[in-house]
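Right, one structure below, let's go through it.
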Amino acid sequence: MDELNRLQELMRDVARHEVMPRFLRVGSSKKADGSLFTEADLASQRALEEGLRKIIDCPVLGEEMSDAEHRRLWAENRDGLWVVDPIDGTTNFVSGMPHFAVSVAFVQNGRSTLAAIFNPIADEMFSAVRGGGAFLNQTALPLRRTVRPLCEAVAAVEVKYLRSGTLAGRMQNLSPCGSQRNMGCSTLDWCYLAAGRFDVYVHGGQKLWDYAAGALIFEEAGGALATLEGDDFWSGQHVFKRSAIAALQPELFSAWLKWIRANQ
């Protein structure tokens, strides 16, 4: 697909010229919600905004815009909208931890149809087109399909955003999984899940730009997903703070979903 090829080329170029030259060389500031942003986030977003309009001429919704602008763009552009996270994992980026990514999705009628997430440190480009499967560089995802019980599963868990104190406490103290990981980059969590590096996933509330690309890549890799509130992930009401429950293997998803729903 020409659009996907051009998108990947743009993302590699932005990472090469706007992101990586600033890695370990840039300071940070705090936004109103307490999250970090840097000159690199702003430079990456500007470059993506300019380039994406040349691929599909539609508005661009970027993380570093105001809440009011986010909501206006979402409400007015149901037929087509780019959703961008110029650097996901900014805290990692600022701290010198090599685990962050550039994420872009094209969204129509509330569902992502085209997506790419690029990890410039590992040179890993995850991508998907709805109905066309998911890929890591040129290799189809998942990379592995190990079937194991929930008690042996590797879980990606972001306890901080679990709204229920009961669920957060039980996840920390009574987790049914073999081990847990929290790596500070939601977009790559989805990609690692799609690749088979994680087995199951739960997050209490991701921003639109955290899940727009990753959830499509994961879904196209064959994974199953829902929210804490309902079974249809994409039709959830909470567009700008959407929870996620996911697993790559259907039988594992059933057990994971049952445990989470029972412990909320």
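The values are calculated or read from the model by the stated rules, or taken from the named source; none is laboratory data. From a predicted model like this one, the values you see are computed outputs, not experimental measurements. As a convention, Cβ positions derive from the backbone with ideal geometry for all residues, glycine included, and neighbour counts pool all protein chains shown. Heads up: the accessible areas ignore ligands, DNA and RNA and are worked out on the full protein's heavy atoms, side chains in. Shrake-Rupley method; radii C 1.70, N 1.55, O 1.52, S 1.80 Å.
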Accessible surface of the chain [probe 1.4 Å, protein heavy atoms]: carbon and sulfur percent: 47
Taking springs between alpha-carbon atoms closer than 10 angstrom, which of Phe218, Phe100, Phe23 fluctuates most in the Gaussian network model of the chain? Phe23
Phi angles of the range 98-113, converted by Karplus (6.51 cos²θ - 1.76 cosθ + 1.60, θ = phi - 60°) into ³J(HN,Hα) in whole Hz with x for Gly and Pro, give x, 8, 7, 7, 9, 10, 9, 9, 9, 10, 10, 6, x, 10, 6, 10
May I ask for the Kirkwood hydrodynamic radius of the chain, worked out over all distinct Cα pairs and given in angstroms to one decimal? 18.4
State, to one decimal in nm, how far the label point of Glu76 lies from the label point of Arg25, with both points 7 Å from Cα in the Cβ direction. 3.7
Could you work out which residue, out of Ala75, Ala128, Ala221, moves most in a Gaussian network model of the chain, that is, has the largest mean-square fluctuation with Cα springs under 10 Å? Ala75
Taking the chain, the lysine pairs whose C-alpha atoms sit under 23 Å apart (8 or more places apart or on different chains) add up to 11
Note to self: with every protein chain in place and a 1.4 Å probe, the range 28-131 gives an accessible area per residue in Å² of 40
For the range 221-237, take each phi angle, set θ = phi - 60°, evaluate the Karplus expression 6.51 cos²θ - 1.76 cosθ + 1.60, and give the result in whole Hz per residue in order, putting x for glycine and proline. 7, x, x, 10, 8, 8, 10, 5, 9, x, 8, 9, 4, 6, 9, x, 6
Going by amide H atoms built from the backbone, whose H comes under 5 Å of the H on Arg130, apart from near neighbours? Leu114
Stretched fully, the stretch from Arg145 through Lys160 gains (0.36 nm per residue minus C-alpha distance, one decimal, in nm) 2.5 nm
Among Asp210, Asp199, Asp79, determine the one that fluctuates most according to a GNM of the chain built with springs between C-alpha atoms less than 10 Å apart. Asp79
Going 7 Å from the Cα of Asp2 along its beta-carbon direction, which residues of the range 114-136 have the amide nitrogen within less than 19 Å of the resulting point? 114-115, 129-130
Shape call for the range 81-151 from the C-alpha gyration tensor, a ≥ b ≥ c root eigenvalues: rounded (a/c under 1.5), prolate (a/b greater than b/c) or oblate? oblate
Provide the convex hull volume over Cα atoms per residue for the range 38-81, in Å³. 53
